[in-house]
Amino acid sequence: MNNRYTKRTFLLEIVAIALAIVFMIPFYFVLVNSVKPFAAILIDAAAWPEEFMFSNYARVWEIIQFPRAFMNSFIITTISNIGLVLISSMAAWKMIRTPGKFSKILFILFVSAMVIPFQTVMIPLMKVGGTLGLTNSIPGLILMYFGFGVPLSLFLYHGFVKTVPVEIEESAMMDGCSSFGVFWRIVFPLLKPITVTVVILNTLWIWNDYLLPLLVLQDAELRTIPLAASSFFAQYTKQWDMGLAALVLGITPVIIFFLFLQKHIIKGIASGSIK
């Protein structure tokens, strides 16, 4: 039995390594071709570079004004995360602690919104956004991220809040703590695992999002990193050397962020979504 288990584990590890290599192939192409001359990419995109053109990164830094694009992406991602955490955590806690038909229906409506494709609401969203003056502005884009991000965030918080003992809150209330104080002093610190998960998932989504910023932001000064990188891929001209270098610059911060916090994803989802 032990020998059979060892062989099965070994085969699973081989399959996992093979799948990891397959999924890493796109990263190889992006990294390798980002330091090649344009002509070398056209000749053989899979070949190892004969010379490393790190000047591609310097040119991209100046052409797309990377610091400004980075700051736009950073502001949008940070403020959107703060808002999503605050709105979703408080709403989930209130729904759990005030059970009833209204809370149940409201939760079902939020969860149902997760299955609606963005493309089906894209045109109405732009019409409403234009009427309310939300287009071509970073605050307007952040407000839209609130709307699209709350359903999943609330779903995760909703499951996790159920694991928080209500007796702790009742004891705090008996000691004279207000509802506001109970949430911020007692409940919210206990939500740290799922909060980290929500922040990671929303950061990966918002930082890499292309379609919504493309629809909302028109001015070049407001462009996020994905929008700035897309300027190298026009209809008739594709600057692969510049474009791939821009992609590497854009994904590096979020990869570093993910690697530092990825251990919390499984823990938070397992604790929140299945309980």
Any idea which residue in segment 93-130 is farthest from the chain's Cα centre (by Cα), counting only those that are of a type in the set (S, T, N, Q) and open to solvent by 70 Å² or more (accessible area, probe 1.4 Å)?
Thr120
Only one of (1) small (Gly, Ala, Ser); (2) outside any helix (DSSP H, G or I); (3) under 30 Å from Val161 (Cα atoms) is not met by Ala45, so which one is it?
(3)
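When you look at Asn202, is it under 13 Å from the mean Cα position of the chain (by Cα), farther than 18 Å from Gln65 by Cβ and surrounded by fewer than 16 Cβ atoms within 10 Å (Cβ to Cβ), yes or no?
no
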Based on what the data block shows, is Phe183 in contact with an Asp or Glu (Cβ under 9 Å, 6 or more places away or on another chain) and either buried (at least 21 other Cβ atoms within 10 Å of the Cβ) or part of a helix (DSSP H, G or I) (or both)?
yes
Here are some conditions: (1) under 30 Å from Ile138 (Cβ atoms); (2) aliphatic (A, V, I, L, M); (3) open to solvent by 70 Å² or more (accessible area, probe 1.4 Å). Leu191 meets all but one. Which one does it not meet?
(3)
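Table: residues versus (1) within 25 Å of the chain's Cα centre (by Cα); (2) more than 30 Å from Thr77 (Cβ to Cβ); (3) open to solvent by 10 Å² or more (accessible area, probe 1.4 Å).
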site: Leu132; (1), (2), (3): no, no, yes
site: Thr135; (1), (2), (3): yes, no, yes
site: Gly140; (1), (2), (3): yes, no, no
site: Val150; (1), (2), (3): yes, no, yes
site: Leu154; (1), (2), (3): yes, no, no
site: Phe160; (1), (2), (3): yes, no, yes
site: Ile168; (1), (2), (3): no, yes, yes
site: Ser178; (1), (2), (3): no, yes, yes
Answer yes if at least one residue in segment 116-125 is at pLDDT below 90, in a helix (DSSP H, G or I) and either touching a strand residue (DSSP E or B) at 6+ places or on another chain (Cβ under 9 Å) or more than 30 Å from Asp219 (Cα to Cα) (or both), and no otherwise.
no
Among helices (runs of 4 or more DSSP H) entirely inside segment 225-275, those with 1 or more residues being surrounded by 15 or more Cβ atoms within 10 Å (Cβ to Cβ) and modelled with pLDDT of 80 or more are 225-230, 240-261
Given the criteria of a type outside the set (D, E, K, R), surrounded by 11 or more Cβ atoms within 10 Å (Cβ to Cβ), at pLDDT below 90 and part of a helix (DSSP H, G or I), does Val85 qualify?
no
Looking at (1) within 29 Å of the chain's Cα centre (by Cα); (2) aromatic (Phe, Trp, Tyr); (3) at pLDDT below 85, which is the one condition that is false for Phe10?
(1)
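The values are calculated or read from the model by the stated rules, or taken from the named source; none is laboratory data. In this text, all values refer to a predicted model and were calculated from it rather than measured experimentally. Positions of Cβ are backbone-derived with ideal geometry, glycine not excepted, and every protein chain shown enters the neighbour counts. Just so you know, the surface numbers come from the protein's heavy atoms only, side chains and all, with ligands and any DNA or RNA stripped out. Shrake-Rupley method; radii C 1.70, N 1.55, O 1.52, S 1.80 Å.
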